[in-house]
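This report concerns only the one structure given below.
The values are calculated or read from the model by the stated rules, or taken from the named source; none is laboratory data. Fair warning: this is a prediction, and the values are worked out from it, not measured in the lab. Positions of Cβ are generated from backbone atoms using ideal geometry, with glycine treated the same way; all protein chains shown enter the neighbour counts. Areas reflect the complete protein model, heavy atoms only, side chains present, ligands, DNA and RNA absent. Shrake-Rupley method; radii C 1.70, N 1.55, O 1.52, S 1.80 Å.
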Amino acid sequence: MLRRLLFVAFLLISCAIPLYAQDTTPTPPPPIVSTVSGVDITVEQFQTRYQLEGLLLIQEITAFAALLAESGSTPEQIQAILETRFPLQLQALQQPEAFADTILTSMESDILLAAEGTPVLDVTVDSLIVGHVAAATPVLLSAAERDADNLLARATDAFYVQAEQFAGAEEATVRELFAARALRQSAFEAVALEFTAEQFPDETELARARQQAFQNEIVALRESGTVERSEEWQQFIPTEPDLQTEFAERLATVTQPIE
């Protein structure tokens, strides 16, 4: 009897050892889409940024469409106006691979800019978020809700809810995106100071010269650093929710005639 009990105990201990070993196996590192000067961009970070940037585009365009609809424009008129006012944004929503490449390139460049530039102030980030929320309010709150008090605070809350639901982005992640935008704007303004209206009397030519100089600055910055993008990065482009489908559905909602 004693031998049998010892044998059973031995079996239990033997089974527990591999189970315990499995529990202590280190968690594998998250998959990486790009590494910039030693800083990794994970798949999760990339996918969240892609969806969040897509949401901001959708909000920007549909909010403008909602204002047009409230002023009496027909869906056909609204579509024509949008195609004239937002050609690049609409193209981005229709071409997910090109849009994803733009997003990842920006994330890579942002890391290099952050290493070169000064920290972005919280007040600057707040200002950019307020600007977006104010413009997107027509699709964040209903017409009735817009007549109530504390409009901006409620619109901001609605904005963060949409960011969480659509892109899985928490407030800190949203602020990181707007901080990156602020840093890019600061870098652009520094380059733009080198070009004046005296040099380029035509405003279009001036804007083009400044933009080209900024692009050259980014290219030089990328060449001075180390950017190692995964050859398989495209397989990580999110497909759900689909940006073009989401945009079409939201646009139809805000432009349908009020009965």
Farther than 30 Å from residue 68 by Cβ and among the aliphatic types (A, V, I, L, M), is that true of residue 219?
yes
Out of 133, 123, report the one residue that is open to solvent by 60 Å² or more (accessible area, probe 1.4 Å) and assigned to a helix (DSSP H, G or I).
123
If I go through region 225-259 residue by residue, how many of them are closer than 20 Å to residue 57 by Cα and of a type in the set (Gly, Ala, Ser)?
2
Within region 142-164, considering residues that are out of contact with any helix residue (DSSP H, G or I) (no Cβ under 7 Å at 6 or more places or on another chain) and under 20 Å from residue 50 (Cα atoms), the one surrounded by the most Cβ atoms within 10 Å (Cβ to Cβ):
164
Restricting attention to region 93-120, and to residues there that are under 13 Å from residue 179 (Cα atoms) and exposed (fewer than 12 other Cβ atoms within 10 Å of the Cβ), which single residue is modelled with the highest pLDDT?
119
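Matching residues to (1) in contact with a strand residue (DSSP E or B) (Cβ under 7 Å, 6 or more places away or on another chain); (2) under 30 Å from residue 67 (Cα atoms); (3) aliphatic (A, V, I, L, M):
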residue	(1), (2), (3)
194	no, no, no
203	no, yes, no
215	no, no, no
229	yes, no, no
248	no, yes, yes
Could you list all residues from region 169-222 that are without any contact (Cβ under 8 Å) to a residue 12 or more places away in the chain, more than 24 Å from residue 132 (Cα to Cα) and of a type in the set (A, V, I, L, M)?
193, 197, 206, 219, 220
Flag if residue 41 is crowded, with 16+ Cβ neighbours inside 10 Å, farther than 15 Å from residue 166 by Cβ and among the β-branched types (Val, Ile, Thr):
yes
Within region 219-259, track down each residue that is in contact with an Asp or Glu (Cβ under 9 Å, 6 or more places away or on another chain) and charged (D, E, K, R).
222, 229
May I ask you to verify whether residue 70 is open to solvent by 70 Å² or more (accessible area, probe 1.4 Å), of a type outside the set (Gly, Ala, Ser) and in contact with a helix residue (DSSP H, G or I) (Cβ under 9 Å, 6 or more places away or on another chain)?
yes
Going through region 53-67 one residue at a time, which ones are open to solvent by less than 30 Å² (accessible area, probe 1.4 Å) and more than 22 Å from residue 105 (Cα to Cα)?
59, 61, 62, 63, 65, 66
Within region 9-21, identify whether any single residue is open to solvent by 30 Å² or more (accessible area, probe 1.4 Å), in a loop (DSSP other than H, G, I, E, B) and either among the charged types (D, E, K, R) or modelled with pLDDT under 95 (or both), and answer yes or no.
no
